[in-house]
Amino acid sequence: MKKLATIKMLLCGLFLVISGIAQAEGDAAAEGGVAKAEGATVKGKGNTRMNTRLCIGCHGIDGFRTAFPKVYNVPKIGGQHSAYLVKALQAYKTGARSHPTMRAIAADLSQQDMEDLAAYYAGK
């Protein structure tokens, strides 16, 4: 029974990520298809649009609450200080912060990816 509940939660998370991708696709099209951070193109690991889409799927929805691993309100990251966002991503990558979804996302980010994403969302 626990396996079924876990699978349902993971499927819900996947649905939210896909929803964020669809929303970001519309945002990218409105901006000419290029994400900008303080006048510079956000580069990242080959697909920065995917990186920003992963974030917006949860952090771009006002009042969004998640149910995995527990129910809590997801913080908005647009307009947050870039230094704070970089430190938070580094903490997820090293395991100092323990949210499983954020740890999985941060694990594949380089330092440059983190800085680019932080600059992008700080400017939102």
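The values are calculated or read from the model by the stated rules, or taken from the named source; none is laboratory data. None of the values given here were measured: they were computed from a predicted structure. Every residue, glycine among them, receives a Cβ derived from its backbone with ideal geometry; neighbour counts consider all protein chains shown.
A few comments on the model shown:
- Selection of segment 91-105 for residues being assigned to a helix (DSSP H, G or I), polar (S, T, N, Q) and without any contact (Cβ under 8 Å) to a residue 40 or more places away in the chain yields only Thr94.
- For segment 77-88, the criterion of being at pLDDT 85 or above, of a type in the set (Lys, Arg) and either under 14 Å from Lys124 (Cβ atoms) or in a helix (DSSP H, G or I) (or both) is satisfied by at least one residue.
- Among the residues making up segment 110-122, those that are exposed (fewer than 15 other Cβ atoms within 10 Å of the Cβ) and in contact with a Lys or Arg (Cβ under 9 Å, 6 or more places away or on another chain) are Ser110, Gln112.
- All positions within segment 87-109 that are within 17 Å of Arg53 (Cα to Cα) and either of a type outside the set (D, E, K, R) or crowded, with 18+ Cβ neighbours inside 10 Å (or both): Leu89, Thr101, Met102, Ala104, Ile105, Ala106, Ala107, Leu109
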